[in-house]
């Protein structure tokens, strides 16, 4: 008998029929003799509908009230799933984030979990009940106010509960049946992975894979909670994310997959003095305005005037704001000129095997050369190579790299859509 | 400076535009220098939509989960009203029933308020905030589960909060601008009352007036909370419900109004032994099945066989179930025959003046005689006369009685629709 935490995304709960189908799956897990804790996102488009209502009554809605509003969505879906479970003859009890002991910081809209004290959930499990916990929400201990966890919050709730309850596995259900070697919409023979390490999943999430949200993987790694990525539409075992890369024997370490990202923009700062503190000025201004920087490149400075160029990427949505801030620095004489480019894309290769396979970078670059794709910027980690390219080149580059490292399978992959929060 | 509790029904909150209009009214009250606590029902049809979803996943949904589900509706409307208030420059904070200290019994779906401990609301008021409290919901102290208060629950929340906060007045807003001497849809010259006593309002609510729910008036009377019935569509001062009938000087006591009710059915039990305990058997079975009895009449027993007939009315919705239960008693020989009639209606005249005006019953019956309406059953209280008639006769009877006691005004009344919960 195991303790299983299951998380269902919004698209898995978009209608009463889907809710009944999810309930059937939950009851089947319970009937196998396992204890089951379920975390549900809000149904289908509920969150977007609530956001629209909020925008209609106040264009700049206060964050505390926004959290009070949005958390209603998960209460609704959890109560409905509990009802559906009872109709299949099992006992169920739903809990709000607060009732389940999900304690957070007080930052509304993007709170962090600081503690999980699921005594009531444990009691209900001991009474043989299936427990439903509203995802994405918690409570601040000091103010006793309801908070939300931001994007991917329900995944994080599920992993945090799994850690606190010492669960055997945390199953994340969506309309995707696992982690693939590449986006099957781009690479038709992309292969589903059976297993990958936390570090590899972290790198994939960081460079554009939408399957799991970065912070839920970080949480799982910190508390060593195995995650299984599964589809609520099939019985496929999905992909297991577990274990440290360090524990993979060298000869078994492989290349995991190719991730793509077209959500960033590139900013180039020309003619900035190559003296200590000048680059810091730039990044301090961006940090103070909560603009996240991804790749950074600083050129060798010119010998003539001891000035250099800095290129960085940031979320495309923040691009115009970043340029505004930098133009003010330019006006103060910090740099000579600014360039902005939002027609870029990033392709990354991730895998623990990179450490033990010499020549990966060479093969990577040759593959792009062979399809005539120009590299604008390269950045690497121990188990990742990322390159910046023209956005129009992303698909052909992804296919070429996937092919060059023989990551594909013999069959066509199932094409997936987006996932819930 | 006064402390005002305002309650808004679902139809007053059915769209973002209506929510903004309600928020404007709330802020205007605050700007007059008053402290304001607001209780909101769920928006428009939200509750019905949630009930439909529940029915679609489980035809017999568990009561605890139903409460978890339904309370989401009031969280949504309260958060939205709080946001709208902030857009008008005032400070607002929303509270769930639990956060506002609304403690209830554990009976899901129809819990009773046992205590209100609104410390957090009081603190927020002291900080100059407008407080929004989700109506219709509370928390059970022992199980810490969310409960709902049943029909009219938001009115009861408002009155209970007003009592706990020692508010000066509890304003109940809906699409009706006050309490009328009769339903203006039936009697075009029905007159809006400026004021009536708790007892008169209780009698009106008990005999079919839908304006205030009986238990909220009972609560207001017990804690002496003045209620003002107002429309969220106008600035009319509405009707004040306050004070005891006992305090009205005899010469000022008047007849309040005529109420109609076509929601009941009539059951007649023929040939039941006129010995102690036989009628008790009947009413025990009905009580055990939670069927509420309204009017009851027992005939003089016949001399031949010492048997009698009993007639009673009950909600039409419970009629078929009542008949099923009684047929079982008939099979056991408790009675000889059963009659069922759901084409009946009830018309009542209420008013503290009845005590001091002799001949009210005579005028009442003469008025019905003059329009050819037959009375099937009469029941009275100190300040009320109710008669059972054919349903088809209800309108003509109501008009005749309203006319006979000269209750009408010179103008046509505004026609109203239904109210929120």
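Observations on the structure shown:
- With neighbour counts taken as other beta-carbon atoms within 10 Å, the residues B:216, A:386, A:301 rank, fewest first, as A:301, A:386, B:216.
- Shielding score for B:67-75, defined as the mean number of other chain Cβ atoms within 10 Å: 6
- Here the relative contact order of segment A:265-341, from alpha carbon pairs under 8 Å that lie six or more residues apart, stands at 49 percent.
- Virtual paramagnetic centre 7 Å along Cα→Cβ of residue B:224, amide N under 14 Å, in segment B:167-211: B:167-169, B:198
- Sorting B:293, B:211 from the fewest to the most surrounding beta carbons within 10 angstrom yields B:293, B:211.
- The mean count of C-beta atoms from other chains within 10 Å of the C-beta of residues in B:78-90, rounded to a whole number, is 6.
- Remark: spin-label model distance residue A:119-residue A:55 equals 4.3 nm, labels positioned 7 Å along the Cα→Cβ axis.
- Cβ-vector label at 7 Å, residue B:409, separations to other copies in nm: 7.6
- Over segment A:3-175, the fraction of Cα-Cα pairs per 5 Å bin, rounded to whole percents and listed from the shortest bin up, is 2, 10, 19, 23, 20, 14, 8, 3, 1, 0.
- Each peptide among A:59-72, A:367-380 gets the average number of other Cβ atoms lying within 10 Å of its residues, and from highest to lowest they stand as A:59-72, A:367-380.
- For segment A:188-211 and segment A:75-123, distance of Cα centres in Å: 28
- Per the Debye formula on identical point scatterers at the alpha carbon atoms of chain B, with no solvent, log10 I(q)/I(0) at q = 0.08, 0.10, 0.13 Å⁻¹ is -0.50, -0.77, -1.18.
- For the pair segment B:4-21 and segment A:234-259, the centres of their Cα atoms are 54 angstrom apart.
- Using a 7 Å projection from Cα along Cα-to-Cβ, the label point at residue A:381 is separated from the same position in the remaining copies by 7.3 nm, smallest value first.
- Distance between the modelled labels on residue A:371 and residue B:390, one decimal in nanometres: 8.6 nm (7 Å Cα→Cβ projection).
- Within the protein assembly as shown, antiparallel bridges make up roughly 60 percent of the DSSP beta bridges whose residues both belong there.
- When chain A is turned onto chain B, its residue with the beta carbon nearest the axis, and that distance in whole angstrom, is A:72, 2.
- Among A:123, A:324, A:366: highest mean-square fluctuation, GNM of chain A, C-alpha pairs under 10 Å: A:324
- Between copies, residue B:17 shows label-point distances of 3.5 nm, shortest first, with the point placed 7 angstrom from Cα along Cα to C-beta.
- Using 0.36 nm per residue and subtracting the Cα-Cα separation, the extra length available between residue A:144 and residue A:327 on full extension is 61.6 nm.
- Shielding of peptide B:98-107 by partners, expressed as the average count of other chain Cβ atoms within 10 Å per residue Cβ, is 1.
- Approximate spin-label separation residue B:301-residue A:110, in nm, with each point projected 7 Å along Cα-to-Cβ: 8.2
- Within the listed set A:89, A:153, A:101, the residue fluctuating most in the Gaussian network model of chain A (springs between alpha-carbon atoms under 10 angstrom) is A:89.
- Residues listed by number, segment B:197-214, amide nitrogen under 19 Å from residue B:382 label point at 7 Å toward C-beta: B:197-207
- Projecting the alpha carbon convex hull of the protein assembly as shown along each direction and taking the average yields 45.6 nm².
- Relative exposure of B:113, B:130, judged by other C-beta atoms within 10 Å (fewest first): B:113, B:130
- For segment A:344-404, taking Cα atoms only, Rg and Dmax work out to 10.7, 32 Å respectively.
We did not get these values from a lab; they are worked out from the coordinates using the rules stated. Here the structure is a predicted model, which is why all the values come from computation and not from measurement. Neighbour counts run over all protein chains shown; Cβ positions are idealised from the backbone, glycine included.
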